[in-house]
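One structure is given below, encoded as C-alpha cells.
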Protein chains: 2
Amino acid sequence: MERQIYLENTAWQEGLKLMMDKLAGRCLPQNESIDVRLALHRITGAIVRAKKSSPHFAASAMDGYAVRAKDTHGISEREPRWLELGVQAIQVDTGDPLPEGMDAVVMLEDVLELGEKGILLQAPIVPWNHVRPVGEDIVEGEVLLPIHHRIRPQDQGALLAAGVIEVEVRCKPKVGILPTGDEIRPVEADLQVGDIVDSNSTVLASLVEEWGGSATIWPITPDKQEQLEAAILQMAASQDILVIIAGSSQGRDDYTSHLVGKHGTLYLHGVAIKPGKPVVLGEVQDKPAIGVPGYPVSAYLTAHLFLEPWVKHYQGLGKDTQTSLDAVISKKVFSSLGSEEFVRVKVGKVGERWVAAPLSRGAGVTMSLVRADGMLRVPRLQEGFHEGETVPIELLRPVSELEETLVCIGSHDLTLDVLSSHMKARGGYGGIASAHVGSLAGILSLRKEEAHFAGIHLLDPETGEYNHAYLKRFLPGRDIALMNLVYRTQVLIVPKGNPLNIKTLADFTKPGVRFINRQGGSGTRVLFDFLLQQQGLSKEQILGYEREEFTHLAVAIAVASGAADVGLGIQSAAEALGLDYVVIGEERYDLAIPREYLEEPRMKAMISVIQSKAFQEDVLALGGYDVRETGVFYA
Amino acid sequence: MERQIYLENTAWQEGLKLMMDKLAGRCLPQNESIDVRLALHRITGAIVRAKKSSPHFAASAMDGYAVRAKDTHGISEREPRWLELGVQAIQVDTGDPLPEGMDAVVMLEDVLELGEKGILLQAPIVPWNHVRPVGEDIVEGEVLLPIHHRIRPQDQGALLAAGVIEVEVRCKPKVGILPTGDEIRPVEADLQVGDIVDSNSTVLASLVEEWGGSATIWPITPDKQEQLEAAILQMAASQDILVIIAGSSQGRDDYTSHLVGKHGTLYLHGVAIKPGKPVVLGEVQDKPAIGVPGYPVSAYLTAHLFLEPWVKHYQGLGKDTQTSLDAVISKKVFSSLGSEEFVRVKVGKVGERWVAAPLSRGAGVTMSLVRADGMLRVPRLQEGFHEGETVPIELLRPVSELEETLVCIGSHDLTLDVLSSHMKARGGYGGIASAHVGSLAGILSLRKEEAHFAGIHLLDPETGEYNHAYLKRFLPGRDIALMNLVYRTQVLIVPKGNPLNIKTLADFTKPGVRFINRQGGSGTRVLFDFLLQQQGLSKEQILGYEREEFTHLAVAIAVASGAADVGLGIQSAAEALGLDYVVIGEERYDLAIPREYLEEPRMKAMISVIQSKAFQEDVLALGGYDVRETGVFYA
C-alpha cells in the first residue's frame, strides 16, 4: 500500500445524502415479534391495532349505586323515593361492572339518605349516567400506535389494556465495530511505550446502544491486509452496518478505503470536517460501511454525523430535540380551583405558531397518554385558560416529529387515521394531529389559522351540493383549495340483527326507539336535520334528539353498548364494531386547505399519499367508502 | 375498614418537599464498583481520577520524521541541509512514540526533498515541534468526572484512556411495585366481566427504568389486609422505594394509608392534583412509600410527580430539558475555510445571557469531550466567529445543570476542581465551568459580564500587595467583593532529583538551562517578572523566556517530559506529577466576585462550601496550600 495523502473534500451533508440515497431502497429494516413488557424504547415495525376494547364491559365511573333509570322517573325534590337495596339499587365501586339489568349509576354524594333497606333519591337519573360504556377508552380494531414509533412506558400500558401482548418491532440494527492498528491494545493490557488503549470501540458501541442499535466489538486487528480483509468479510456476513476504526496514525484509513473498494463500492474518502477529515464511506457486500479516524474526537464526531443517521434509518427514526414549548391553546380549558390539573394536548405548528388542542381528560383514558403530544399544567388557583392564550407545554414527543405534523381540525373520519399511518410509514416522522370538533368548527379553525386543513362534509340544503357554499359564507376572501378525500356511505347504525327492525327515519318515531344524535355543526347533524325536513318529520317526534356524541365511533359505541337503539353515522364505524346498518345515502367528505399551505413539503407529502394506490386500497378495505374522486381538487 | 371519603388537599409541591425533607438525611445512596465498559448511563458515586497520563509517552503529532532540534540549527532557505535517515531523521507516523534521543518532529509537508539516504530541510526546527508531551490530554491524578455524573459514551472513552477500568457508581435504587385489587388480573389472563388487566405495573416499571432505577413487580395481591401487609413488609425488607398501586375503585388507597401508618409514618393522604388526588405518601420501616391511584393516567402522573424525584434523588440527579441554546461566545473562534469545524465549548448563564467558552481543539484531546457542555459548528465557508457574537450551541449536558453552573474565568488553580466536585456532591447539579486564561483576562471577563467570578493572584510590585490595585485599575466604579480562596506555595519546578541543581532564579542563567514560562497576564508571569527585576536579572539571560504555557500543569508537564529543565509554578502541580521543587515563596489566590452575584443561591452554595471544613481539608491534602484566610472577605 502506498501512502495516499490527497483526500476528497466533500461537504459532510453531501456525503451523508449520497450514502442515504444509495442505500435507501436496499437496506430494509426487519421485524421481530416480542413481549410488550420487554418492548420499552423499541420501534414499532407495523401499525398496532387494539385486540380488545377497553373497558371491555360497561362499568361504573363512580362509587355509588347502580339503578334502572326508569325506576327513577318522576322523582323530584317534592317527591323523593326509596329504592330497595339489592333489587332496585346495587352498591358499586368505581370500575365495577354494571350489574345485569341496571343502566345507570347514582353517585354516593347524590344519595339523600341511606337506610337499612334502601337509598333515598330526590332527582331522576338518566340512562347511562356515570357509566363508562364498552370501548370508551379503546375500541377493538382501533389504531393504537403508528409504524416507526418509539415505544414509551405509557404505550406499553395502552397495548396491554387493549389485549396486545406481543408487538411487531424493528430488529435492532446489528453494528460490527472493528478496532484496527498494530499499536492498539485491549483495555486490560499493560501498556508499553507506543501502545494506545482501545477506548474508541467502547465509545462507539455505547453510542450505537443509545441510538437503538446492537453493537458487537470485534477483536483488535493489526495492520495486516489479509487479517483486516478477513475481519471485514466476517463482519459483512453477520452485521447490518460495519464500522472500521483506523489506528491512531494518519493514512491507516487507506487500508479501509482499499478493502471497501475491493469487496464493494467506495463512495467517498475524505469529507470537509475538522476534526475527522479522512472518513471513509462505502458499502461491503451491500452493507453500509464507515471508516472512522482513530483519534477519539474524530471517531466520536464522525460517528454522530454518519453512523447515527444510519442506525436510526434502520429503525425509521429522526433526531430528538427540546422538551417544552409555548403554544396557543385552540379551545377554552376549564379547571376546578384548588387542584393542579394536567391536561393532555395535541401539538402542531401552523405558520409560525405552535397550536395545542386539548384531549379527553378522564383519569381512566389510557389512550390520551398515547395520543398526547404534551402536557399543559393548569395551576391550582387558576380557573383555566382562554382560547387563544399562549401556554407552556411539556412535550411527550420530540419536536422534530411535531414540526412534521399537520394539524387537522374538523369532522371526524376513520380514513384520517389510515392517512396518518401511511404518512408516518413513508418519512419516519410526519402524521396528522386531528381534533374532532365537527365540520363547521373546523372551518372556523381555518379562519383563526389554528389548523392546516379541515375535514368537512356540509350539505347545502338549497343546492344539494357539498362544502363550497359554506367556505364562501364563513371564509370570504380566503383562498381555500377543496380536495375530495372520499365519498362515504351514510347509514343507520343498529344493533346486530336489527331487533327493532328499523328501515327508515320514520321508524325512529315508533314508541321505545331511543336515538343518539351528533353535535350541532357536524356534517352528520346537518344531514340528519335535512333528511327530517325532507321527510316531513319533526325533532320533537324523536326520543333522544338532544343526546349528542362527538364522533361516529362514539355513536356506534352507544348502539353497541345498548345505550341507544339507532344512530346516524358512516358505514365503517358500524363495521368496526360489528354492528348492522341500513344504507341511506352517500356523502362527499372533502379536505379544505388554505392555499398557502399547499406548497409545504409535509402537505405535498400528504397529497401524494392520498393520491397513491396503496392508501386508496386500504380505504376501500374499511368498507363503506368510494374513492372515485379521492385526491381530486375541485375548481 | 370504613370508607374514608375526606382526603387532605395539599399542593403536590408541598407534599414532595415534605417527603424530601424527611428522607434527605436517611435514605443515602450506596455505591458499587463496576467495569467501565458496562457503566453507560450509570451515575458516579465518587470523584473519578486518572490512573495514568494520556498520552503516556511523548508521541509524534504528525506523520513525518523525528529529529534532534540541535541538528537543524542554522538551516535556512539559502543553506538547506540533508539529515541522514535512520540516524538524524527517523520516519514516524502520527501517534508513534518519539524515538530515543529525538526531541522534535518535521511534518512530511515540510520536507523539501526525500532522498535515498536522507531528508532535505530548508528551515530549523524548534525542540518539541509537533510532539505531544506526556499528559497533554490527561494528567495522572487529574479529576476526570465529578460525583453524581451520568456516564456518557465519551466519558467511558476518557476513563479507559486514563487507565480506569473499574468505576464507583451509585447502586440503582431498587423499586418494588405492588399491584393490588380483587379485580386486577395478569396480562395473560382470559378476562371476565369486571376484570381489569394489570397494565400499570409495566408502565411504572418502565418509567423507573428510564429514571435509572431497577424495578421489581410483585405478584398481584387481592384486597385482603393480611396479604397486603405481608407483601408490603416483604418489599420493605428488600427494596429501597415502595410503590403500592391501588385497585381501580376509589377508597382502595385507604388500605395503603392504614398500613403505611401501622408500619411506619403516614405523611400525607390526598394532594390537590387532578387526576391523581388520593395519592398516599409516607415511609415503611424507613423506606419511602407511595400509594398511587389505580387509574392509568393518575398512576402515570403521580409517578412523575413523586416517584421520579425520589429515584433521581437516590442517584443525585435532576431533570433533563432542552438540547440546544444560543450563547454569546467569550473568545474569538478561528476556523479554516473549506471544512466544517466542531468546536467544544463550556456553557454557563451570567445574568440573563448564556456564555460559551471554547475549549481545546485538537482531535486527540479526549477530555475536551468530557469537559464540553456543548458543540459549536463553524460552517464550511465561514472563517469563525467574533468575540461577543451570538451562536447556536448543541448541548451535551442538560440545561438544568448548566443553569446551576458558575462561570469562572481567570487564573488556573487546582483547588477550583476540588471546589467544583464538592459543589456537585452537595446539590446534585452545580459545579464550576472554568476557563483558564490568566488573572488579567479574568478581570476583563468580569468587565464584559461573561463570568460570575475570576480567580486572580496579581502582585502589585509597588505595594507588594495582591489583587486590590488591579481591580481598582481595571474595574473602576464596579462593586467587586474580594474573597481569599487559598494561599499557595510558589516553587521552582524541576525534574526528579533536580539534576541541574537549580536553587534560585540566578541558576536559570547557567548555560544549557531551558526555562518554560507562563503567558503574559498570568499572575505567575507577573510574579516571575517581579522576581527577575528584584534580583537584577534580565529576560535576555533566560533561555526559553518566550516559550509560554497556559496552566501550572502544562508547565509541570513540560518539565516532566524533558521539554524544559525548570519552570515557575505552584507546589501542587509539581506534586501531582511526582516532580521535585524548590520553594520560593507564598502568594495569595483570591476570588473576585461582582457584588450583584453574591446573593445568587449557587454563589451562596459555593461560598458555604469554601468555608466548610471538608473542602479545606481536601485542599490541604493536595500539598502546597494554606487555608488560614480561606473564605474570608477583604474590606
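Can you tell me which residues in segment A:149-187 are over 27 Å from A:ASP253 (Cβ atoms) and in a loop (DSSP other than H, G, I, E, B)?
A:HIS149, A:ILE151, A:ARG152, A:ALA162, A:GLY163, A:VAL164, A:ILE165, A:CYS171, A:LYS172
Are any residues in segment B:294-313 in contact (Cβ under 8 Å) with a residue 40 or more places away in the chain and touching a strand residue (DSSP E or B) at 6+ places or on another chain (Cβ under 8 Å), and if so, which ones? Can you show your working first?
So in segment B:294-313, the residues in contact (Cβ under 8 Å) with a residue 40 or more places away in the chain come out as B:294-296, B:299-300, B:303-313.
Within segment B:294-313, B:GLY294, B:ALA299, B:ALA303, B:LEU305, B:PHE306, B:LEU307, B:TRP310, B:VAL311 meet the criteria.
Could you identify the single residue in B:VAL131, B:VAL167, B:VAL106 that is under 22 Å from B:ASP417 (Cβ atoms) and either in contact with a His (Cβ under 6 Å, 6 or more places away or on another chain) or crowded, with 17+ Cβ neighbours inside 10 Å (or both)?
On inspection, the qualifying residue turns out to be B:VAL167.
Filtering segment A:198-220 down to residues that are of a type in the set (Val, Ile, Thr) and farther than 19 Å from B:ILE151 by Cα, which residue is most open to solvent (accessible area, probe 1.4 Å)?
Restricting to residues being of a type in the set (Val, Ile, Thr) and farther than 19 Å from B:ILE151 by Cα, the top hit is A:ILE217.
Filtering segment A:431-480 down to residues that are more than 30 Å from A:HIS149 (Cα to Cα) and part of a strand (DSSP E or B), which residue is modelled with the highest pLDDT?
So the residue we want is A:ILE480.
Restricting to segment A:29-50, name every residue that is open to solvent by 60 Å² or more (accessible area, probe 1.4 Å), under 17 Å from the mean Cα position of the chain (by Cα) and within 14 Å of chain B (Cβ to nearest Cβ).
Scanning segment A:29-50 gives a single hit, A:HIS41.
Of the numbered conditions (1) open to solvent by 50 Å² or more (accessible area, probe 1.4 Å); (2) at positive phi, A:LYS613 fails exactly one; give the number of that condition.
Of everything listed in (1) open to solvent by 50 Å² or more (accessible area, probe 1.4 Å); (2) at positive phi, A:LYS613 misses just condition (2).
Every residue in segment A:58-101 that is away from chain B (no Cβ under 13 Å), assigned to a loop (DSSP other than H, G, I, E, B) and buried (at least 16 other Cβ atoms within 10 Å of the Cβ), please.
A:ARG68, A:ILE75, A:GLN88
Testing B:GLY15 on (1) over 19 Å from B:TYR267 (Cβ atoms); (2) open to solvent by less than 50 Å² (accessible area, probe 1.4 Å); (3) out of contact with any helix residue (DSSP H, G or I) (no Cβ under 6 Å at 6 or more places or on another chain); (4) within 14 Å of another protein chain (Cβ to nearest Cβ), one condition comes back false. Which one is that?
(1)
Using beta carbons and a limit of 6 Å, which pairs, at least six apart or on different chains, have the first residue in segment B:94-113 and assigned by TED's automatic domain parsing to the domain that holds B:ARG78 and the second one open to solvent by 50 Å² or more (accessible area, probe 1.4 Å) and polar (S, T, N, Q)?
Here the result reads B:THR94/A:GLN250; B:LEU112/B:GLN122, each pair linking segment B:94-113 to a residue that is open to solvent by 50 Å² or more (accessible area, probe 1.4 Å) and polar (S, T, N, Q).
If I ask for residues that are over 30 Å from B:GLU136 (Cα atoms) and either touching a Phe, Trp or Tyr at 6+ places or on another chain (Cβ under 6 Å) or hydrophobic (A, V, I, L, M, F, W, C) (or both), which ones from segment B:571-618 would you list?
Result: B:ILE593, B:LEU598, B:MET603, B:ALA605, B:ILE607, B:VAL609, B:ALA614.
For residues that are open to solvent by 20 Å² or more (accessible area, probe 1.4 Å) and at pLDDT below 80, tally how many sit in segment A:404-418.
1
Can you confirm whether B:VAL193 is open to solvent by 10 Å² or more (accessible area, probe 1.4 Å), facing chain A (nearest Cβ under 8 Å) and free of Cβ contacts under 8 Å to residues at least 40 places away in the same chain?
In short, yes.
Regarding B:ASP223, is this residue more than 9 Å from chain A (Cβ to nearest Cβ), within 17 Å of B:ASP253 (Cα to Cα) and open to solvent by 10 Å² or more (accessible area, probe 1.4 Å)?
Taking the combined requirement at face value, the residue satisfies it.
Restricted to segment A:177-190, and to residues that are more than 21 Å from A:LYS224 (Cα to Cα) and within 10 Å of chain B (Cβ to nearest Cβ), which residue is farthest from the chain's Cα centre (by Cα)?
Checked segment A:177-190; the qualifying residue farthest from the chain's Cα centre (by Cα) is A:GLU188.
Pick out the one residue from B:GLU188, B:GLU226, B:GLU210 that is under 21 Å from B:HIS313 (Cβ atoms) and without any contact (Cβ under 8 Å) to a residue 24 or more places away in the chain.
Of the residues listed, the single one that is under 21 Å from B:HIS313 (Cβ atoms) and without any contact (Cβ under 8 Å) to a residue 24 or more places away in the chain is B:GLU210.
If you check B:GLY585 against the conditions, is it at pLDDT below 90 and out of contact with any Leu (no Cβ under 9 Å at 6 or more places or on another chain)?
Spelling it out, it is not the case that B:GLY585 is at pLDDT below 90 and out of contact with any Leu (no Cβ under 9 Å at 6 or more places or on another chain).
So which strands (runs of 3 or more DSSP E) stay within segment A:255-302 end to end and still have 1 or more residues that are more than 19 Å from A:GLY176 (Cα to Cα) and open to solvent by less than 30 Å² (accessible area, probe 1.4 Å)?
Because the criterion is at least 1 residues that are more than 19 Å from A:GLY176 (Cα to Cα) and open to solvent by less than 30 Å² (accessible area, probe 1.4 Å), the strands (runs of 3 or more DSSP E) in segment A:255-302 that meet it are A:264-269.
Kindly list the number of the only condition in (1) open to solvent by less than 10 Å² (accessible area, probe 1.4 Å); (2) closer than 28 Å to B:GLU308 by Cβ; (3) outside the structural domain of B:PRO293 (by TED's automatic domain parsing) that fails for B:ALA162.
(2)
Would you call B:GLY338 within 14 Å of another protein chain (Cβ to nearest Cβ), closer than 25 Å to B:GLU210 by Cα and at pLDDT below 80?
Spelling it out, it is not the case that B:GLY338 is within 14 Å of another protein chain (Cβ to nearest Cβ), closer than 25 Å to B:GLU210 by Cα and at pLDDT below 80.
Among all residue pairs at least 6 apart or on different chains, which show Cβ distances below 7 Å where the first residue, located in segment A:67-85, is closer than 27 Å to A:ARG514 by Cα and modelled with pLDDT under 90 and the second is open to solvent by less than 40 Å² (accessible area, probe 1.4 Å) and among the aliphatic types (A, V, I, L, M)?
Matching pairs, first to second residue: A:ALA69/A:ALA104; A:ALA69/A:ILE125; A:THR72/A:LEU121; A:THR72/A:ILE125; A:ILE75/A:LEU121.
Somewhere in segment B:235-243, is a residue assigned to a loop (DSSP other than H, G, I, E, B), open to solvent by less than 30 Å² (accessible area, probe 1.4 Å), over 13 Å from B:THR180 (Cβ atoms) and in the same structural domain as B:LEU178 (by TED's automatic domain parsing)?
Kept after step one, since they are assigned to a loop (DSSP other than H, G, I, E, B), are these residues of segment B:235-243: B:239-240.
After this cut, where a residue has to be open to solvent by less than 30 Å² (accessible area, probe 1.4 Å) as well, the list is B:239.
From what's left, over 13 Å from B:THR180 (Cβ atoms): B:239.
Cutting the leftovers down to in the same structural domain as B:LEU178 (by TED's automatic domain parsing) gives us B:239.
Yes; the residues of segment B:235-243 include at least one that is assigned to a loop (DSSP other than H, G, I, E, B), open to solvent by less than 30 Å² (accessible area, probe 1.4 Å), over 13 Å from B:THR180 (Cβ atoms) and in the same structural domain as B:LEU178 (by TED's automatic domain parsing).
Over 24 Å from A:ASN484 (Cα atoms) and out of contact with any Pro (no Cβ under 7 Å at 6 or more places or on another chain) - does that describe any residue in segment A:521-533?
The answer is yes; a qualifying residue exists.
The values are calculated or read from the model by the stated rules, or taken from the named source; none is laboratory data. The structure displayed is predicted, hence computed values, not measured ones. Cβ sites come from the backbone with ideal geometry, for glycine too, and all protein chains shown count toward neighbours. The accessibility values were calculated without ligands, DNA or RNA, using every heavy atom of the protein model including side chains. Shrake-Rupley method; radii C 1.70, N 1.55, O 1.52, S 1.80 Å.
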